[in-house]
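A quick write-up on the structure given underneath.
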């Protein structure tokens, strides 16, 4: 089915069925976001086609969830997120910053062909 017109819809249906069967609820605000809560623990997983990002307040809980998914799909754990769907992440002990500086630089390089002086305000 890979490469067919229906493939994206079928893939989404299969992944959604897996997520729901594992106890995840699909967010009403964003259909790419899945949420699972057990007592005070939570896992948030966002999926875009075959790219995913997971966050949790409990590492052992997250690890067990990923092991369950690995029984169905082969996942690659890439460690702490640095780039996801063009968003760059920078982590400090208290915060996680998201930015798109690489994307902005590429836009400037593409569309800003001559150097212009900024105007004072």
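What follows draws every value from the coordinates through simple rules; no lab data is involved. Quantities reported herein were computed from a predicted structural model and do not represent experimental measurements. Counting neighbours? That spans all protein chains shown, and the Cβs are built from the backbone with ideal geometry, glycine included.
Assorted remarks:
- MRE, 222 nm, helices only [DSSP H, n ≥ 4, -39500 (n - 2.57), over the chain, to nearest 500]: -10000 deg cm²/dmol
- In nm, spacing of pseudo-spin labels at residue 31 and residue 85 (7 Å Cα→C-beta vector): 1.3 nm
- Top of 71, 40, 94 by mean-square fluctuation, Gaussian network on the chain, Cα under 10 Å: 94
- GNM flexibility winner over the chain from 75, 85, 107 (Cα, springs under 10 Å): 107
- Prolate is the label for the stretch 1-78. Its Cα gyration tensor axes, ordered a ≥ b ≥ c, give a/c of at least 1.5 and a/b above b/c.
- Between residue 13 and residue 112, the FRET efficiency from the beta-carbon distance, with R0 = 41 Å, is close to 0.45.
- When only Cα pairs below 8 angstrom with a gap of at least 6 residues are kept, the chain shows a relative contact order of 10 percent.
- Of the residues 106, 31, 56, the one that moves most in a GNM of the chain with alpha-carbon contacts below 10 Å is 106.
- From the alpha carbon centroid of the stretch 13-50 to that of the stretch 72-99 is 18 Å.
- Of 44, 34, 73, 111, the sequence from fewest to most neighbouring Cβ atoms within 10 angstrom is 111, 73, 44, 34.
- Ranking of 95, 61 by neighbouring Cβ atoms within 10 Å, starting from the fewest: 95, 61.
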